[in-house]
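To start, the structure itself, in structure tokens.
The values are calculated or read from the model by the stated rules, or taken from the named source; none is laboratory data. Keep in mind that what you see is a predicted model, and the values were worked out from it rather than measured. In this analysis, Cβ positions are derived from the backbone assuming ideal geometry, glycine residues included, and neighbour counts consider all displayed protein chains.
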């Protein structure tokens, strides 16, 4: 069933768990996400990145995801992740996404504010939920050896100013997390997270969860993270299982050789839902 972004995130924030926001770019991955959520009776966010939505053609992939969500027995919402330019954001808004991320985090602060406010004004006029992003969390499913410098993390006072000026409904922050795969688990700055949570009452979002220790994920949730993005873990599970299937030279039927990959993704999603505390929260 389709649900409201505002209601789902505010409930998660109020009850102290986090919603998993899982990326998809293929039918087996989508099926795996919905199957895991329904099995564990968990609300769920299904999202596409800019590259994923372009690969699937925005209108086509969105129509498919919305239909899947309508038929699901658990609360679902469809989110477009990382809209880094206004034309892309506008296209997603007009296409019918329920929620979008206006990502101006790579821009100078004032330009990020201006861009995010422009997107938020357009989206809010159509009743669409808007996530903003402030701080450095990197891009894509890349490999990282170093830590994020503290100077590039989200500043608590600046976060307050950003939310006030842009009117975003939720905020993706940086406190040591980064997209992709880590050489070793990152050292999260929980004091910074506490400071941001103390100053803001909107839902806070964690990007780059792949590779963060489970105990650190749980602590981040306890300190106010209400949405956690998961992408690289799903891509790796899907790709690794698919490689094994395709090692068989007689594997030529797509829905058969992709079945193990779908199962591998579902297993990851189930583990994340349990970790995030959203199981049974429908």
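Among the numbered conditions (1) within 16 Å of the chain's Cα centre (by Cα); (2) without any contact (Cβ under 8 Å) to a residue 40 or more places away in the chain, the only one that residue 252 does not meet is (1).
Conditions tested, residue by residue: (1) part of a helix (DSSP H, G or I); (2) in contact with a strand residue (DSSP E or B) (Cβ under 9 Å, 6 or more places away or on another chain); (3) at pLDDT below 95.
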site	(1), (2), (3)
186	no, yes, yes
209	no, yes, yes
252	no, no, no
273	yes, yes, no
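Taking residue 46 as the residue in question, decide whether it is in contact with a strand residue (DSSP E or B) (Cβ under 8 Å, 6 or more places away or on another chain), under 22 Å from residue 261 (Cα atoms) and not in a helix (DSSP H, G or I). Considered against the rule, which asks whether it is in contact with a strand residue (DSSP E or B) (Cβ under 8 Å, 6 or more places away or on another chain), under 22 Å from residue 261 (Cα atoms) and not in a helix (DSSP H, G or I), residue 46 comes out as yes. Here residue 157 meets each of (1) more than 21 Å from residue 107 (Cβ to Cβ); (2) surrounded by fewer than 22 Cβ atoms within 10 Å (Cβ to Cβ); (3) at pLDDT 85 or above with one exception, condition (1). When you check residue 61 against the structure, is it surrounded by 21 or more Cβ atoms within 10 Å (Cβ to Cβ) and at pLDDT below 95, yes or no? It is true that residue 61 is surrounded by 21 or more Cβ atoms within 10 Å (Cβ to Cβ) and at pLDDT below 95.
Taking residue 25 as the residue in question, decide whether it is within 29 Å of residue 111 (Cα to Cα), outside any strand (DSSP E or B) and modelled with pLDDT under 95. Here the answer is no, as residue 25 does not meet what is asked. Taken together, 272, 199, 218, 192 contain a single residue that is over 15 Å from the mean Cα position of the chain (by Cα) and more than 23 Å from residue 102 (Cα to Cα), which is 218. Going through (1) surrounded by 22 or more Cβ atoms within 10 Å (Cβ to Cβ); (2) closer than 16 Å to residue 230 by Cβ one by one, residue 203 falls short only on (2).
Here residue 70 passes the criteria (1) surrounded by fewer than 18 Cβ atoms within 10 Å (Cβ to Cβ); (2) touching a helix residue (DSSP H, G or I) at 6+ places or on another chain (Cβ under 8 Å); (3) more than 23 Å from residue 161 (Cβ to Cβ); (4) touching a residue at least 40 places away in the same chain (Cβ under 8 Å) except the one numbered (2). Filtering the stretch 73-82 for residues that are under 18 Å from the mean Cα position of the chain (by Cα), part of a helix (DSSP H, G or I) and either surrounded by fewer than 15 Cβ atoms within 10 Å (Cβ to Cβ) or touching a residue at least 12 places away in the same chain (Cβ under 8 Å) (or both) leaves an empty set.
The set of residues in the stretch 211-232 that are outside any helix (DSSP H, G or I) and either crowded, with 22+ Cβ neighbours inside 10 Å or at pLDDT 95 or above (or both) comprises 223, 224, 225, 226, 227, 228, 229, 230, 231. Anything in the stretch 22-58 that is surrounded by fewer than 18 Cβ atoms within 10 Å (Cβ to Cβ), touching a residue at least 40 places away in the same chain (Cβ under 8 Å) and under 22 Å from residue 6 (Cα atoms)? List them, or say none. Result: 41, single match. Out of curiosity, is residue 260 farther than 24 Å from residue 8 by Cα, surrounded by fewer than 18 Cβ atoms within 10 Å (Cβ to Cβ) and at pLDDT below 95? No, not satisfied. In the set (1) under 17 Å from residue 203 (Cβ atoms); (2) within 16 Å of the chain's Cα centre (by Cα), residue 29 fails one condition alone, (1). On the stretch given as the stretch 245-256, residues that are surrounded by 14 or more Cβ atoms within 10 Å (Cβ to Cβ) and under 22 Å from residue 22 (Cβ atoms) total 1.
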